[in-house]
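Student: So that we are looking at the same thing, I have put the structure below in structure tokens.
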Amino acid sequence: MSIIKTVDVKKWFGDFQALKGISMEVAEGEVLVICGPSGSGKSTFIRCINRLEQHQEGEIVVDGIELTNDLKNIEAIRSEVGMVFQSFNLFPHLTVMQNITLAPIWVRKKSRSESEEKAMELLERVGIPEQAQKFPGQLSGGQQQRVAIARALAMEPKIMLFDEPTSALDPEMIKEVLDAMKELAESGMTMIVVTHEMGFAKEVADRVMLFDEGLMVEENTPNEFFDNPKNDRTKLFLSQIL
Amino acid sequence: MIRDSKFFIENPYGRWVRDNLFSSSSSAFLTFFAGFMVIYSYRGIVGFILNPERMWTSVTYNMKLYMILAYPDEAMIRVWLSVGLALILGGLSIGFYNSGKTISLGGIFQKLFTISAVIAILIALAPTNTNVIQNDGSIEVVEIIPQDVRMLILVPSLVLTLAFFFLRNVKIKNLFNTAKVNLTYFGLIIASLYFIKIPTISLDSSGERIIPDPFLPIASTTYIPWTILYVGMLLFFFIGSLLKNRDIKIMARLIPISWFLCPLFIFSWIFKKPLVELNTVFSADIPSILVFGVIGFLIIRFSDNESVGVYRTPINIGFLVLSIVVFLLPLVFIFKATMVLLLLLLIVSPAIATTKEGKRQLFIVWVVSLFVLTFLIRGASSDTMLVTPTGSIFGGFSLTWLLAIFGTYASFPLGLALALGRTSTLPVIRIICTGIIEIVRSVPYITWLFFASVMLTVFLPAGVEFNLIIRVLILTAFFSGAYFAEYIRGGLQSIPKGQYEAANAIGMNPFQRIFLVIVPQALRTIIPTLVGSVITSFKDSSLVAIIGLFDILRIGTSVIPAQSQPVVFIGRNLEQLVFLSFFFWVFTFVFSRRSMKFEKRLGLGER
Ligand SMILES: Nc1ncnc2c1ncn2[C@@H]1O[C@H](COP(=O)(O)OP(=O)(O)OP(=O)(O)O)[C@@H](O)[C@H]1O
Ligand SMILES: [Mg+2]
């Protein structure tokens, strides 16, 4: 049973077509890595999945709910789908603890004490329990991104979306974020990860996809994808990146 | 070269002087030039102030007039209660929010050293003589600071400066809590009321003869009330500390709310002494509380009910129509005001009243705010029992305060609403808000004041007549609201798109997104601008003098210079202007220093 299903999704920015018909499925617990050259529509596609962007044609079904303009559906889906951004987007006016508990308290209507307990658990899981009372501006990039992961997890989502979570980070911080993501994948979370970290793809992904110019040009298991790609475009991409 | 002498190389003070004041020949020139200008103007000002032609008793004698104009003598206790309430709340907050910051004895001596050194320098530089123009046009040189008086101040302050200079380095481990030290300073200021003497005038019991020796302790009539208030403040400081130590969380919410309500309570009940008629309480206030209490209860109870949810839009429209009807009907004011509160409840309840606990809390808040609102409006809208010759109990500084506080209170939510409306996606709301902002801002404040004083009554429906002060308050709210709106809009635009996306991605609804994520950040970025505009409206409040209100400036420029009883103060303009500039400066200076500290604390979250 697939938890995400898209059929022939198309998306235009004005005259420019960013997505040219993407059909795919993600099963529950699966880890999908999407890679591809810059401007190929990777971000646009995963942002369509929690409707930060609206697609114009085709169909997206998340956890049995079809994405339409109905506001109730969108809010329901957004609280099931967590998202981690390239630029962290933490709330700078709140402490780490408040960043994480904001949505559980206001959106999930949980009590403060329960949310704080859960937040501490999550901070321990991503390895920074001692930073709870600091403000985002006082943390390193890697720590901020791990707070962002904890913030998304606090909503107890069924699906996590990652949009290049490590590309704004210094090399020495990339590992700590990837480790947190690896741990999450092992716990059985359904994940879609846009990344250029091929090591992560090889080790963690169940499936790897290549996007190019708004199309999905290859979909494969990690082993096949790296060692025996079907498509010439993939070979070119791999030769550039590896 | 002198610059390379031993003193300027080895001594830390010498090195500072060398590096900062005389680092090059051009900077040495600038230092000398600026120093000369400062000393020259200082001596000019002192000569002006101490010139025997000045009559400072015209200021000191009229201090009460300045503060409260013609507030009746027999009700003075109400003025003191108002000040006392603010001080008590201040003491409580200082105790409760005490950050535990400490200062060492050496640090205290360092400050005292600076103060006494500054006093010594000022006294040493003060001029001995000044010129007085005689009646026949000739100029006579008069001694203003006799040598022995100068020495009497200079010698002790020099001795103290030296003493503190060496005491600065004492290595005593004792640390003192800054809050307590500051309270002690305040106590010393109060104590000075008892012994510092300045010239004033007092009348004998018949009220006709001036008592010959005009030198009395400063504010001889006020030191007892000030002492009592100070003791009260100390008491509440300790209560605050106690509450902090007991870790009583609810206080962290109650204190800001009290600060918010305190001026409203003072102006509507304490300062005003309203004449409350029991039959209006029974015919208007209690029915209003009951009716709105029940409606509010129903809104909270059914806000998340599935079957009611289907009719959400028609219900909301229904309430909107109802509120317009309530506003048009000739109902008592309390119903109209509570209707606004009800609309607010309608907006927030879907976000809060979703669990049993949330509903219970919201209902408690609803009932409490109903009572508070009714209570305040009852006081504000009743006639006053006090009788004053000018017909208004507000005048002088109390009027300035009233305008400043209400201007800020009303313009803040109005500005926020206008800013959000102007950025709204609904065209009608956007156009209306933009229109209001642009029209209000394109006309000078003075013009609006004339509008309020003469024209507003023409526009209001027949029979509706507001007192001039209330008209000015409404107008000021709109005027500063329009400016606030533009500042806030600037702040809103400075929030990166990622913040909206992050709020969306965790499933927030538009209401939560705006009020939990966007607005707090927008407000933080514009605090310096907002502080600036609050200070401006504090000063601008003196413009109301031109439409006939007796604010502190009008008292100084036209009331006092026309006094001929008990002493002739006719033409004493200069003294008043000097005093008023100093007075306004003290307030705005303290305010902007406070807000700088506040900014620093808030800035913690920013990199
Ligand atoms: N808001 C927008 N308006 C107009 N064009 C857009 C917008 N967002 C994206 N695009 C365009 O759509 C295309 C796909 O963008 P997208 O951000 O999805 O690429 P990407 O694969 O994530 O690239 P990168 O690896 O650089 O992040 C790009 O050509 C981009 O210029
Ligand atoms: Mg991208």
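Student: Loop only per DSSP, at most 12 neighbouring Cβ atoms within 10 Å: give me the trypsin sites (Lys or Arg not before Pro) in the stretch B:133-192, ordered by residue number. Walk me through the numbers on the way to the answer.
Tutor: On the way: sites: B:ARG150, B:ARG168, B:LYS171, B:LYS173, B:LYS180; in loops: B:ARG168, B:LYS171, B:LYS173.
Counting only loop positions with at most 12 other Cβ atoms within 10 Å, the trypsin sites (Lys or Arg not before Pro) in the stretch B:133-192 are B:LYS171, B:LYS173.
Student: According to the Kirkwood expression over distinct Cα-Cα pairs, how big is the hydrodynamic radius of the stretch B:1-143, in Å?
Tutor: Details: mean 1/r = 0.0466 Å⁻¹.
In the stretch B:1-143 this quantity evaluates to 21.5 Å.
Student: Another question, if that's okay. From the residues B:ILE474, B:GLN361, B:ILE49, which one has its Cα farthest along the dipole of the protein assembly as shown in the positive direction, the dipole being from +1 and -1 charges on Cβ of Lys/Arg and Asp/Glu about the Cα centre?
Tutor: Of the listed residues, the answer is B:ILE49.
Student: Taking the Kirkwood radius as the inverse of the mean 1/r across Cα pairs, report the Rg/Rh of the stretch B:72-246. Can you show the working numbers first?
Tutor: Values: Rg = 22.1 Å, Rh = 20.3 Å.
For the stretch B:72-246, the value is 1.09.
Student: Against the empirical 2.2 N^0.38 Å scaling, what ratio does the C-alpha Rg of the stretch B:2-50 come to? Kindly include the intermediate steps, with their values, before the conclusion.
Tutor: Numbers: Rg = 14.5 Å, N = 49, 2.2 N^0.38 = 9.7 Å.
Against the compact-globule rule of thumb, the ratio is 1.50.
Student: Amide H to amide H under 5 Å from B:ILE198: which residues, 5+ apart in sequence or cross-chain, H placed 1.01 Å off N in plane?
Tutor: The answer is B:LEU216, B:ILE218.
Student: Would you mind working out the magnitude of the charge dipole of the stretch B:72-246 relative to its Cα centre, with +1 at each Lys and Arg C-beta and -1 at each Asp and Glu C-beta, to the nearest 20 Debye? Each step should come with its number before you reach the end.
Tutor: Numbers: 12 positive and 9 negative charges, 320 e Å.
Dipole magnitude for the stretch B:72-246 comes out near 1540 debye.
Student: Compute the normalised compactness of chain B: alpha-carbon radius of gyration over 2.2 N^0.38 Å, N being the residue count.
Tutor: Details: Rg = 29.3 Å, N = 607, 2.2 N^0.38 = 25.1 Å.
For chain B, the normalised Cα radius of gyration is 1.17.
Student: If I histogram all Cα-Cα distances within the stretch B:406-607 using bins 10 Å wide from 0, what percent of pairs lands in each bin?
Tutor: 8, 25, 29, 21, 11, 4, 1, 0
Student: Further question: May I ask which of A:LYS134/B:LYS101; B:LYS64/B:LYS336; B:LYS249/B:LYS356; B:LYS173/B:LYS600 have a Cα-Cα span longer than 26 Å here?
Tutor: Numbers: A:LYS134/B:LYS101 20 Å; B:LYS64/B:LYS336 38 Å; B:LYS249/B:LYS356 22 Å; B:LYS173/B:LYS600 28 Å.
Too far apart for the 26 Å limit: B:LYS64/B:LYS336; B:LYS173/B:LYS600.
Student: With the dipole of the stretch B:1-115 worked out from charges on the C-beta (+1 for Lys and Arg, -1 for Asp and Glu) around the Cα centre, which of B:ALA28, B:PHE109, B:PRO72 lies farthest toward the positive end?
Tutor: Result: B:ALA28, furthest along the dipole toward the positive end.
Student: Here's something else I'd like to know. Students often forget the sequence filter, so: which lysines lie under 26 Å Cα-Cα from A:LYS11 once same-chain residues fewer than 8 apart are removed?
Tutor: A:LYS20, A:LYS42, A:LYS72, A:LYS158, B:LYS497
Student: Out of all Cα-Cα pairs in chain A, roughly what percent, to the nearest whole number, are more than 23 Å apart? Spell out each step's value before the answer.
Tutor: Values: 14536 of 29161 pairs.
Counting every Cα pair in chain A, those more than 23 Å apart make up 50 percent.
Student: Search the structure for amide H atoms under 5 Å from the amide H of A:MET191, placed 1.01 Å from N in the peptide plane, and list their residues when 5 or more places away or on another chain.
Tutor: Under 5 Å from the amide H of A:MET191: A:GLU30, A:VAL31, A:LEU32, A:MET160.
Student: Using a simple charge model, +1 on the beta-carbon of Lys and Arg, -1 on the beta-carbon of Asp and Glu, nothing else, what dipole does the protein assembly as shown show about its Cα centre, in debye to the nearest 20?
Tutor: Details: 73 positive and 67 negative charges, 445 e Å.
Here the size comes out at about 2140 debye.
Student: Turning to a different aspect of this structure: Can you quote the Å³ per residue value for the convex hull of the Cα atoms in the protein assembly as shown, rounded to an integer? It would help to have the intermediate numbers written out before the result.
Tutor: On the way: hull volume 218.6 nm³, N = 849.
That works out to 257 Å³ per residue.
Student: Among B:THR130, B:LEU449, B:PRO256, whose Cα lies farthest out toward the positive end of the dipole of chain B, if unit charges sit on the beta carbon of Lys, Arg (+1) and Asp, Glu (-1)?
Tutor: Positive-most Cα among the choices belongs to B:PRO256.
Student: Also, quick follow-up: Summarise the partner chain shielding of A:91-97 as one whole number: the mean count of Cβ atoms from other chains within 10 Å of each residue's Cβ. Could the numbers behind the result be given before it?
Tutor: Values: counts 10, 10, 13, 5, 2, 0, 0.
Going residue by residue through A:91-97 and averaging, the value is 6.
No lab work stands behind these numbers, since they all come straight from the coordinates. Please read these numbers as outputs of a predicted model, since none were measured by experiment. Heads up, the Cβs are rebuilt from the backbone with ideal geometry, glycines too, and the neighbour counts pull from every protein chain shown.
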